[in-house]
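The values are calculated or read from the model by the stated rules, or taken from the named source; none is laboratory data. Remember, predicted model here, so these are calculated numbers, not experimental data. Note that we place each Cβ from the backbone using ideal geometry, even for glycine, and neighbour counts take in every protein chain shown. Each accessible area value is taken on the protein alone, full model and side chains, heavy atoms only, with ligands, DNA and RNA left out. Shrake-Rupley method; radii C 1.70, N 1.55, O 1.52, S 1.80 Å.
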Amino acid sequence: MPHKILILGGTAEARQVAGVLAARGDCDVVLSLAGRIGNPIGQGVPVRIGGFGGVEGLAAYLKETAVGLRIDATHPYAARISANAAYAADEAGVPLLALRRPGWERTDGDRWTEVDDVAGAVRVLGGAPRHVFLTLGRQDVHAFEAAPQHYYLMRSVDPVEPPLALPNLETILARGPFETADELALLERRGIDALVSKNSGGAATYGKIAAARALGIEVVMVRRPALPEVPSAPTVHELIAMAGHWLGPVAARGV
Ligand SMILES: NC(=O)c1ccc[n+]([C@@H]2O[C@H](COP(=O)([O-])OP(=O)(O)OC[C@H]3O[C@@H](n4cnc5c(N)ncnc54)[C@H](OP(=O)(O)O)[C@@H]3O)[C@@H](O)[C@H]2O)c1
């Protein structure tokens, strides 16, 4: 009998974990996406899309589909689904492992102003007009409508819905990874003097942070939300090793 594994995804790491586990040959992997992106790139394994209906919905899904192992490899700011996963683990008695990607660390030359939430980011931009690069993702940007005095450059994978009601707005639709040299050119071209970012961690979107440092631009960094304490690993490689302890060696199962 194959191991039934549910991976809560939406990140490159989730896709990589799914690929490695599926390639073992003894795992039946399903990857779950929130459905935030209109046209997600191929995940390489069967995918289900959309919320489960809270903790109860997730627990019911685990029971119905006889999942034997869950992996939370969601985005570091997707705190609700991570919390639901941790609670549903107790209810359904299904083990949970998490991939917790480390955040970026401030380094020499960085000009970071850290805030607890997006409303805090709006506040620290201040009253005087600035040239702001918003890289928060489209779910979190409507709060900036409270500060229409700034010029905004907004980048997201899909268009913001409903559109941002801001008088001085330019939008870029693009999916990472983004190279530092391209980010540097973009910041210079648009005369950006403040970059608003989550502390997503990882290499794919670090280019903007490195570029801001090189140009001495302030980064308004929204701190990470608290996530539940569950057995976790910081990288795909280490998570696969953890999962391997639970799954056992491939050869021992005769596949
Ligand atoms: N989710 C992503 O793929 C993703 C990717 C990049 C960035 N982020 C950032 O994370 C923050 C919160 O995003 P969010 O609203 O997606 O997460 P969230 O606040 O943790 O989740 C909200 C609800 O969406 C559903 N959900 C989230 N992830 C899911 C998954 N992998 N499979 C099935 N259902 C899922 C769940 O609905 P039910 O309660 O109904 O199960 C969950 O309660 C935002 O700042 C966003 O920009 C998210």
Qualifying positions in the range 55-91 - buried (at least 18 other Cβ atoms within 10 Å of the Cβ), β-branched (Val, Ile, Thr) and either more than 9 Å from the ligand (Cβ to nearest atom) or more than 16 Å from the chain's Cα centre (by Cα) (or both): Val55, Val67, Ile71
Identity of the residue in the range 219-249, open to solvent by 20 Å² or more (accessible area, probe 1.4 Å) and touching a helix residue (DSSP H, G or I) at 6+ places or on another chain (Cβ under 6 Å), that ends up nearest to Arg130 (Cα to Cα): Pro225
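Yes/no per residue for (1) in contact with an Asp or Glu (Cβ under 8 Å, 6 or more places away or on another chain); (2) open to solvent by 70 Å² or more (accessible area, probe 1.4 Å):
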| position | (1), (2) |
| --- | --- |
| Gly137 | no, no |
| Phe144 | no, no |
| Pro159 | no, no |
| Leu164 | yes, no |
| Ala174 | no, no |
| Pro177 | no, yes |
Residue list for the range 146-157, restricted to those being buried (at least 19 other Cβ atoms within 10 Å of the Cβ) and either touching a residue at least 40 places away in the same chain (Cβ under 8 Å) or out of contact with any helix residue (DSSP H, G or I) (no Cβ under 6 Å at 6 or more places or on another chain) (or both): His150, Tyr152, Leu153, Met154, Arg155
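Out of curiosity, is Leu125 under 30 Å from Ala226 (Cβ atoms), more than 14 Å from the ligand (Cβ to nearest atom), buried (at least 20 other Cβ atoms within 10 Å of the Cβ) and not polar (S, T, N, Q)? Give the steps one after another, and end with the answer.
Details: under 30 Å from Ala226 (Cβ atoms): yes; more than 14 Å from the ligand (Cβ to nearest atom): yes; buried (at least 20 other Cβ atoms within 10 Å of the Cβ): yes; not polar (S, T, N, Q): yes.
Criteria met by Leu125.
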Subset of the range 7-54 [in contact with a His (Cβ under 7 Å, 6 or more places away or on another chain), buried (at least 19 other Cβ atoms within 10 Å of the Cβ) and part of a loop (DSSP other than H, G, I, E, B)]: Gly10, Thr11
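Test of understanding: among Gly201, Gly216, Gly191, Gly207, which residue is at positive phi, open to solvent by less than 10 Å² (accessible area, probe 1.4 Å) and at pLDDT 95 or above?
Details: Gly216 fails: open to solvent by less than 10 Å² (accessible area, probe 1.4 Å); Gly191 fails: open to solvent by less than 10 Å² (accessible area, probe 1.4 Å); Gly207 fails: at positive phi.
The conditions single out Gly201.
Just need a number here: residues in the range 98-121 that are farther than 26 Å from Ala214 by Cβ and open to solvent by less than 20 Å² (accessible area, probe 1.4 Å).
To start, the set of residues in the range 98-121 that are farther than 26 Å from Ala214 by Cβ comprises 98-100, 116-117, 119.
Within this subset, residues satisfying the condition of being open to solvent by less than 20 Å² (accessible area, probe 1.4 Å) are 98-99.
Looking only at that region, the number is 2.
Yes or no: the range 233-250 includes at least one residue that is in a loop (DSSP other than H, G, I, E, B) and either farther than 30 Å from Gly68 by Cβ or within 24 Å of the chain's Cα centre (by Cα) (or both).
To start, the set of residues in the range 233-250 that are in a loop (DSSP other than H, G, I, E, B) comprises 234-235, 248-250.
Keeping just the survivors that are either farther than 30 Å from Gly68 by Cβ or within 24 Å of the chain's Cα centre (by Cα) (or both) gives 234-235.
There is at least one residue in the range 233-250 that is in a loop (DSSP other than H, G, I, E, B) and either farther than 30 Å from Gly68 by Cβ or within 24 Å of the chain's Cα centre (by Cα) (or both).
Residue by residue through the range 161-185, note down the ones that are in contact with a strand residue (DSSP E or B) (Cβ under 7 Å, 6 or more places away or on another chain) and either farther than 14 Å from Gly137 by Cα or not in a strand (DSSP E or B) (or both). I'd like the intermediate steps shown before the answer.
Filtering the range 161-185 for residues in contact with a strand residue (DSSP E or B) (Cβ under 7 Å, 6 or more places away or on another chain) gives 164, 166, 168-174.
Leu164, Leu166, Asn168, Leu169, Glu170, Ala174 - these are the residues of the range 161-185 that are in contact with a strand residue (DSSP E or B) (Cβ under 7 Å, 6 or more places away or on another chain) and either farther than 14 Å from Gly137 by Cα or not in a strand (DSSP E or B) (or both).
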